[in-house]
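Chemist: Have a look at the structure that comes next, please.
FYI, it's all coordinate maths here, none of it is from the lab. Note that the coordinates shown come from a computational prediction; the quantities given were computed from them, not determined experimentally. Glycine gets a Cβ as well: all are built from the backbone with ideal geometry, and neighbour counts include every protein chain shown.
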Amino acid sequence: MTLDGYGYPTEETLNEIKNHSIIKKEEIENLLSLIQDNWTWDDMFILNEQKGCLELHTGGWSGNESIICALKENLHFWMVFWYKSKRGGHYWFNLNNYKPKN
């Protein structure tokens, strides 16, 4: 976990999310782990590997919102996986949309 003293993701972490590659399956898994490790409230990070679905609910926490902003700047991730958003900080991603190189 790379949070600062106040529980927010560090700039280094946010930059890593923004620039993280998703070409290989392992890279996607590493990115999801990075997000999960820095996400506040474990029950608002829902990864259903069977269905290939990721749900992120920010709970209004600005640290989680920062992670979402960093993900939006990772154009590959956002264009490939983003499925829908709902007002109030709710985001869904379809991880089945892409078959990465092993």
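Chemist: What does the charge dipole of the chain about its Cα centre add up to, to the nearest 20 debye, if the Cβ of each Lys and Arg holds +1 and the Cβ of each Asp and Glu holds -1?
Modeler: Charge dipole, the chain, about its Cα centre: 640 debye, nearest 20.
Chemist: Let me ask you something else. With springs connecting C-alpha atoms under 10 Å apart, model the chain as a Gaussian network and identify which of ILE67, ILE17, ILE46 has the largest mean-square fluctuation.
Modeler: Evaluated over the chain, the most mobile residue of the options is ILE46.
Chemist: Let me ask something additional. Gain in length, LEU3 to CYS53, computed as 0.36 nm per residue apart minus the alpha-carbon separation, to one decimal in nm?
Modeler: 15.5 nm
Chemist: With the Cα gyration tensor of the chain in hand, give its eigenvalues times 5 under a square root as the equivalent ellipsoid semi-axes, listed largest first in whole angstrom.
Modeler: For the chain, the ellipsoid semi-axes come out as 20, 16, 12 Å.
Chemist: Nearest 10 degrees, 0 to 90: what angle lies between the long axis of helix 62-73 and the longest principal axis of the chain (Cα atoms)?
Modeler: Around 30 degrees separate the two axes.
Chemist: What number comes out for the charge environment of THR58, summing +1 per Lys or Arg and -1 per Asp or Glu over other residues with Cβ under 14 Å away?
Modeler: Neighbourhood net charge equals -1.
Chemist: Pull out the extension gain between GLU26 and ASP42, defined as 0.36 nm times the separation in residues minus the alpha carbon to alpha carbon distance; nm, one decimal.
Modeler: Length gained between GLU26 and ASP42: 3.6 nm.
Chemist: Please give the helix 25-38 orientation as an angle from the longest Cα principal axis of the chain, in degrees from 0 to 90, rounded to the nearest 10.
Modeler: For 25-38 against the chain, the angle is about 20 degrees.
Chemist: Run the helix sum for the chain: -39,500 (n - 2.57) per DSSP H stretch of 4+ residues, divided by residue count, reported at 222 nm to the nearest 500 deg cm²/dmol.
Modeler: For the chain, the value works out to -12500 deg cm²/dmol.
Chemist: Just to confirm a number: summing +1 for Lys and Arg and -1 for Asp and Glu over residues other than LEU34 whose beta-carbon lies under 12 angstrom from that of LEU34, what do you get?
Modeler: Here the count lands on -4.
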